[in-house]
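Only one structure is covered here, and it is reproduced in the block below.
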Amino acid sequence: RASEARYRALVEDAGEMITRYLPDGTLKFVNTAYSRLFGKSPAELIGTNFTEQRVGERREELRRFVSAFSADNAIQTYEFRDELPDGTVRWRQWVDRALLDANGAVVEIQGVGRDITALKLAEEELRKSESKFSKFFHANPAGIGIGEVRTGRFIDLNARYAEFFGYTREELMQISAIHLWADPNDRDGVIAQLRETGSVRNVEVR
């Protein structure tokens, strides 16, 4: 009893959402964090089918997910977009594990979920930032090349850069930038300055 009490306290106080459900989606246990997600008490949720709480494609998506559990596919991870009762949209990542009987049949499934909304929002902002940079980079009238100092290989370059040297972008991406230098002394001086200070300013080279 003492062990069970400690286990229950740990599960109830966890920040993650924890649930156990039958292969048909019927909830057998939910902790406080899970019930808070739907604005209901655990007693109101236990015995209900959690796939029925969604509609349309989301309901079918969950049913396919649950039906895919087997002895050979006992652990699954997925991300799910939830719309809360107040209209707020949150993203959750779930790691669910099938509990098997002696014959390898799925008898219950345990799920642990965490909120990844902040991560999803950060990824979206990063995509927007990368899109803005890409437009600036490729539409810029100045030739811009990005390369690795150690090898001289190009990481990226825009069309104007390739046009200036008379190559296609694809050809330049296959060679080292050091082959574009007419004078090895210019090349070595610039590389030394890059390694020493991290930048090169107002250098004329052939």
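The values are calculated or read from the model by the stated rules, or taken from the named source; none is laboratory data. Fair warning: this is a prediction, and the values are worked out from it, not measured in the lab. All Cβ positions, glycine included, derive from the backbone under ideal geometry; neighbour counts span all protein chains shown. The accessibility values were calculated without ligands, DNA or RNA, using every heavy atom of the protein model including side chains. Shrake-Rupley method; radii C 1.70, N 1.55, O 1.52, S 1.80 Å.
Quick look at the numbers
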| read-out | value |
| --- | --- |
| Of residues in region 174-187 being touching a helix residue (DSSP H, G or I) at 6+ places or on another chain (Cβ under 9 Å) and either within 22 Å of H138 (Cα to Cα) or assigned to a helix (DSSP H, G or I) (or both), the one modelled with the lowest pLDDT | I178 |
| Residue in region 111-130 that is more than 30 Å from T77 (Cβ to Cβ), in contact with an Asp or Glu (Cβ under 9 Å, 6 or more places away or on another chain) and surrounded by 14 or more Cβ atoms within 10 Å (Cβ to Cβ) present | no |
| Condition met for E204 (over 30 Å from R63 (Cα atoms), open to solvent by 70 Å² or more (accessible area, probe 1.4 Å) and not in a loop (DSSP other than H, G, I, E, B)) | no |
| Enumeration of residues in region 168-201 that are charged (D, E, K, R) and either over 25 Å from F133 (Cβ atoms) or open to solvent by less than 70 Å² (accessible area, probe 1.4 Å) (or both) | D183, D186, R187, D188, R195, E196 |
| Residue satisfying all of: in region 74-124; within 15 Å of I18 (Cβ to Cβ) and of a type in the set (A, V, I, L, M); nearest to the chain's Cα centre (by Cα) among these | V95 |
| Whichever residue in region 21-50 is closer than 14 Å to G113 by Cα and among the β-branched types (V, I, T) and, among such residues, is surrounded by the most Cβ atoms within 10 Å (Cβ to Cβ) | V30 |
| Residues satisfying the stated conditions in region 57-81, i.e. open to solvent by 50 Å² or more (accessible area, probe 1.4 Å) and either of a type in the set (S, T, Y) or farther than 18 Å from R114 by Cα (or both) | E57, R58, R59, E60, E61, R63, R64, S67, A71, D72, N73, T77 |
| Members of region 152-167 that are part of a loop (DSSP other than H, G, I, E, B) and either closer than 12 Å to A177 by Cβ or open to solvent by 60 Å² or more (accessible area, probe 1.4 Å) (or both) | G152, G166, Y167 |
| The listed residue being in contact with a Leu (Cβ under 9 Å, 6 or more places away or on another chain) and of a type in the set (S, T, N, Q), out of Q76, Q110 | Q110 |
